[in-house]
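The values are calculated or read from the model by the stated rules, or taken from the named source; none is laboratory data. Just so you know, these numbers come straight off a predicted model, no measurement behind them. FYI the Cβ positions are ideal-geometry reconstructions off the backbone, even for glycines, and counts take in every protein chain you see. These area figures cover heavy atoms from the full protein model, side chains too; ligands, DNA and RNA do not enter into them. Shrake-Rupley method; radii C 1.70, N 1.55, O 1.52, S 1.80 Å.
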Amino acid sequence: MDELLFEQGHQHEQVLLEWLEAEGKDVYRQVPVEDNSPPQEADYANTRAAMQQGRQYIHQAALNNAEMRGWADLLERIEKPSALGNWSYIPIECKLSSHSKPIYLVQACAYCEMLEPILGERPEHFKLYLGGRRFEQGEQGYPTARFWSWYEQLRQRYRDFRATFDSSLEPDDAPGDHGLWAPFIEQRLWDDIDLPALELTTSRVHDHGALAAIELCYNGMNGPNFFSRVPPMGPGHLPVAAFSYDPVQARAMTLADIADLRRWHRRAVRRSIDAGFDLVYVYAGHALGGIHHFLSRRYNQRTDAYGGSMENRVRLLREMLEDAVEEADGKAAIGCRISLTELGVADGLERDEIAEVVGMLGELPDLWDFVMGSWADDSVTSRFGPEGHEEQYVRGLKQLTSKPVVGVGRFTSPETMLRMVREGILDFIGAARPSIADPFLPSKIEQGRMDEIRECIGCNICVSGDFTMSPIRCTQNPSMGEEWRRGWHPERMRARHADERVLVVGAGPAGLEAAMSAGRRGYEVVLVEATRELGGRVALESRLTGLAAWNRVVDYRLGQLDRLDNVQVFRESRMTADEVLAYGFHHVAVSTGARWRADGAGRWHTKGIPLSADLPVFTPDDVMRGRLPSGRVVLFDDDHYYLGGVIAEFLVQHGCEVTLVTPSPTV
């Protein structure tokens with residue numbers, strides 16, 4: 001396999017070299033002095049000679065410094081003064097992968113470091129030539145400065161490792177470090193080996209003049225511990241309180257276990273500060289952490305000093321806050337995130353009990369952060385809850401403490417945020433989902449650019465990643481989760497590479513995004529739509545019950561398109577393929593969407609359902625366009641997502657008697 005990959009990689013490089021030579025480029029193909037060996041002194045000399053001659057491209061360039069050596073796949077001459085003369089060089093790494101990976105960036109940065117003594121300065125860019133015969137990040141490549149701080153920290157870690165490495169010792173057989181609490185995705189802070197990754201995070205946060213915060217969580221009986229198989233611990237002997245019915249039993253914590261937890265947590269506070277965090281949270285929210293379980297009568301049925309009265313049930317929280325404050329010793333602020341109430345749960349936490357807790361511990365942490373007692377109640381979708389839906393529960397708690405109070409509730413409107421502060425309900429606005437949709441939300445508010453805010457639509461596609469173990473996504477912000485992998489930025493886009501025209505066919509959400517993005521890059525864009533209305537499925541779907549906020553996807557993009565003089569929009573302009581080709585556009589994006597099938601084909605019936613020709617059949621497209629059934633309706637849902645339930649509710653509101661049928665065991 002290694003030989004096959006090596007041969008394919010070699011062929012991948014050869015394709016690039018042959019293309020460059022066919023374009024009339026000067027390519028110096030360096031032949032190593034010794035095959036399959038590290039570079040020799042003669043190899044370094046040959047590379048330097050080619051660079052001094054100003055060759056356009058140097059293949060298999062031999063580079064080194066006091067600590068490293070290697071073969072750079074390709075060096076490209078650029079017209080920029082350096083120690084060589086009026087030209088300089090940047091490295092190009094050739095990889096078979098279709099996407100960039102951290103190791104590729106590390107390699108490229110290493111070659112930039114090795115080029116610096118020769119050029120007199122570090123190359124400002126480098127390139128990756130990936131599978132599919134394309135340059136990642138286009139002709140400009142990656143800016144070296146974006147990764148240099150991260151690279152230098154990796155280099156120092158490597159130096160530290162070499163300084164302490166003892167080849168006579170057997171390596172530790174450590175368990176994996178990304179899943180002791182599987183199936184949840186959680187960063188870990190268990191011992192010092194976890195610090196370097198977190199230090200990279202805080203360093204980049206501080207680079208932007210921001211504070212870095214960390215939320216420490218011992219999941220307790222919320223975590224089935226599939227990876228480690230260690231029995232979870234909680235206030236009592238109960239099945240795990242997870243999101244699924246996992247056959248795992250939690251055991252009651254002994255006093256020794258509680259002492260261990262306090263010690264583990266205290267060490268985590270210390271390591272958080274060592275990693276550079278400015279704010280450390282003690283977490284007692286969402287029924288996801290062990291402290292919440294001790295607070296709630298639903299889980300805590302103990303009869304010792306940690307159970308019974310509220311004063312006893314709050315004991316663990318008090319002790320862990322005191323430990324955290326003492327350990328921080330002013331080096332970092334300590335926040336407490338705590339549940340407001342457990343809605344609709346027998347013996348669950350009640351809002352009056354939390355008021356009692358704040359009355360007892362109000363001055364202990366540096367900040368209070370209030371959330372609901374379950375993730376479902378806290379991260380409510382726009383379909384089921386309005387903006388600021390937690391106001392009725394958090395109102396009045398600020399008056400019980402002199403410390404700042406944070407609250408959440410999918411705040412999307414700056415006016416609502418301002419009212420919460422002016423009325424003395426909150427001091428700070430927690431806006432995770434809105435900041436995912438628009439990471440520049442605070443600066444846009446500060447600068448008065450309200451009409452440029454991409455408002456969160458409350459669909460919770462971002463939250464779904466917590467349960468699918470996948471990178472975060474956002475319906476409003478397509479760059480979310482792709483900043484690292486693709487180098488995308490939510491506000492800044494590369495300028496066009498040529499004076500070219502772009503045709504976008506179809507003005508649904510994808511077409512609007514494509515036209516807006518190409519327009520921002522400076523291309524002349526023509527957007528054509530077959531119907532009168534822009535927005536496609538989103539515009540139609542937002543008319544269904546509870547989905548009105550989803551039309552923000554359309555509103556934002558139409559507002560931005562209105563600002564772009566280089567984008568023309570033509571409605572009721574159906575085009576054929578021949579017409580598209582006849583206009584001579586340089587680029588064409590086809591975003592004409594899709595239609596729902598009317599034969600019932602799906603996951604279960606892959607070939608459709610035999611139906612009588614006399615039976616009236618309706619699809620979601622029909623319903624969204626106003627063609628509705630009447631009377632008794634059978635709704636067959638083989639989509640198993642949100643739309644079946646939404647349409648059922650919509651039809652009921654329009655007088656239908658609906659029976660929902662689905663192959664799924666849950667609805």
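A few comments on the model shown:
- When each of SER37, SER100 is tested for being in contact (Cβ under 8 Å) with a residue 24 or more places away in the chain, part of a loop (DSSP other than H, G, I, E, B) and of a type in the set (Gly, Ala, Ser), the lone residue that passes is SER100.
- Number of the exception - HIS59 against (1) surrounded by fewer than 20 Cβ atoms within 10 Å (Cβ to Cβ); (2) under 21 Å from LEU16 (Cα atoms): (1)
- Selection status of TRP488, under 22 Å from ASP639 (Cβ atoms) and without any contact (Cβ under 8 Å) to a residue 60 or more places away in the chain: no
- Condition met for LEU340 (within 32 Å of the chain's Cα centre (by Cα) and surrounded by fewer than 22 Cβ atoms within 10 Å (Cβ to Cβ)): no
- Subset of segment 396-412 (residues that are part of a loop (DSSP other than H, G, I, E, B) and open to solvent by 20 Å² or more (accessible area, probe 1.4 Å)): GLY396, SER402, LYS403, PRO404, VAL408
- Between LYS101, LYS80, the distinction of being open to solvent by 20 Å² or more (accessible area, probe 1.4 Å), more than 12 Å from THR144 (Cα to Cα) and either more than 29 Å from the chain's Cα centre (by Cα) or not basic (Lys, Arg) (or both) belongs to LYS80 only.
- Residue that is least open to solvent (accessible area, probe 1.4 Å) [pool: residues in segment 613-654 that are farther than 22 Å from CYS459 by Cβ and acidic (Asp, Glu)]: ASP622
- Every residue from segment 566-587 that is open to solvent by 40 Å² or more (accessible area, probe 1.4 Å) and either within 28 Å of ILE457 (Cβ to Cβ) or touching a Cys at 6+ places or on another chain (Cβ under 6 Å) (or both): ASN566, GLN568, VAL569, PHE570, ARG571, GLU572
- Out of ALA328, ALA376, ALA333, ALA346, sole residue that is within 30 Å of ARG271 (Cα to Cα) and either of a type in the set (Ser, Thr, Tyr) or open to solvent by 10 Å² or more (accessible area, probe 1.4 Å) (or both): ALA333
- Selected residue (criterion: modelled with the lowest pLDDT) from residues of segment 1-23 that are open to solvent by 60 Å² or more (accessible area, probe 1.4 Å) and under 23 Å from ILE90 (Cβ atoms): HIS10
- Residue count for segment 295-309 under the criterion of being surrounded by fewer than 16 Cβ atoms within 10 Å (Cβ to Cβ) and more than 26 Å from ARG267 (Cβ to Cβ): the result is 4.
- Segment 558-571 residues that are among the aromatic types (Phe, Trp, Tyr), paired with ones that are buried (at least 16 other Cβ atoms within 10 Å of the Cβ) (beta carbon under 9 Å, 6 or more apart): PHE570/VAL526; PHE570/LEU527; PHE570/VAL528; PHE570/GLU529
- Residue match in segment 385-395 (condition: touching a Phe, Trp or Tyr at 6+ places or on another chain (Cβ under 7 Å), open to solvent by less than 40 Å² (accessible area, probe 1.4 Å), under 30 Å from HIS237 (Cα atoms) and modelled with pLDDT of 95 or more): no
- Among the residues of segment 232-279, those identified as over 17 Å from GLY307 (Cβ atoms), of a type in the set (Ser, Thr, Tyr) and either open to solvent by 40 Å² or more (accessible area, probe 1.4 Å) or in a loop (DSSP other than H, G, I, E, B) (or both) are SER244, TYR245.
- Of all the criteria given as (1) over 19 Å from MET469 (Cβ atoms); (2) without any contact (Cβ under 8 Å) to a residue 24 or more places away in the chain; (3) open to solvent by 60 Å² or more (accessible area, probe 1.4 Å); (4) under 25 Å from the mean Cα position of the chain (by Cα), the one not satisfied by ALA210 is (3).
- Residue within segment 52-72 that is closer than 24 Å to GLU116 by Cα, among the acidic types (Asp, Glu) and assigned to a loop (DSSP other than H, G, I, E, B) present: yes
- Some residue of segment 444-459 being closer than 26 Å to GLY335 by Cβ, touching a residue at least 60 places away in the same chain (Cβ under 8 Å) and outside any loop (DSSP other than H, G, I, E, B): no
- Selected residue (criterion: modelled with the highest pLDDT) from residues of segment 136-150 that are surrounded by fewer than 16 Cβ atoms within 10 Å (Cβ to Cβ) and in contact with a strand residue (DSSP E or B) (Cβ under 7 Å, 6 or more places away or on another chain): PRO143
- Residue check, TRP87 over 23 Å from LEU130 (Cα atoms) and open to solvent by less than 60 Å² (accessible area, probe 1.4 Å): yes
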